[in-house]
Amino acid sequence: MCLAVPGEVLELLPDNMARVQFGQTIIAISLTFVEAVQPGDFVLAHSGFALTLLDKEEAAAQLALWHDVAAIMEEEAAARAARAS
């Protein structure tokens, strides 16, 4: 199963690349598959490539889901640690 992650474009770079923020992580990804990307836009990315542009509402909804998943994973990790001790 593959996951695509929403991120915010911070800066356009040469060679059809962009610096994109995914949570606390900022990486350079390719914009080969999307057009008319500008700083402040949100993209859905996988394996170092932006796959599509997201409007701000969709990006906010997807980011909220990722935060929910992260919270659940933290709770499960804490429960496993408590059972192991």
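Please treat every number below as a calculation from the coordinates, not as lab data. Everything numeric in this text was worked out from a predicted model, so none of it was measured. Glycine gets a Cβ as well: all are built from the backbone with ideal geometry, and neighbour counts include every protein chain shown.
Just a few scattered comments:
- Relative intensity, log₁₀ I(q)/I(0), of region 1-81 from a Debye sum that treats every alpha carbon as a point, q = 0.17, 0.18 Å⁻¹: -0.66, -0.72
- Cβ charges +1 (Lys, Arg) and -1 (Asp, Glu), total dipole of region 5-84, debye: 320 debye
- Close amide H pairs (under 5 Å, H built 1.01 Å from N) link Leu54 with Phe42, Val43, Leu44, residues at least 5 positions away or on another chain.
- Between Ala59, Pro39, Gly23, the Cα set farthest toward the positive side of the dipole of region 5-84 (charges on each charged residue's Cβ, about the Cα centre) is that of Gly23.
- 3J(HN,Hα) couplings calculated from phi for region 34-46 with the Karplus curve 6.51 cos²θ - 1.76 cosθ + 1.60 (θ = phi - 60°) are, in sequence order, 10, 10, 6, 7, 10, x, x, 6, 10, 10, 9, 10, 8 Hz; Gly and Pro show x.
- Low-density loop positions, chymotrypsin sites (Phe, Trp or Tyr not before Pro), region 17-70 - DSSP coil, at most 10 other Cβ in 10 Å: none
- Its DSSP H runs of at least 4 residues, each contributing -39,500 (n - 2.57), put the calculated 222 nm mean residue ellipticity of the chain at -12500 deg cm²/dmol, to the nearest 500.
- Total formal charge among the other residues, if their Cβ is under 12 angstrom from that of Ala81, Lys/Arg +1 and Asp/Glu -1: -1
- The local environment of Asp68, defined by Cβ-Cβ distances under 15 Å, has a net charge of -3 under the rule Lys, Arg +1 and Asp, Glu -1.
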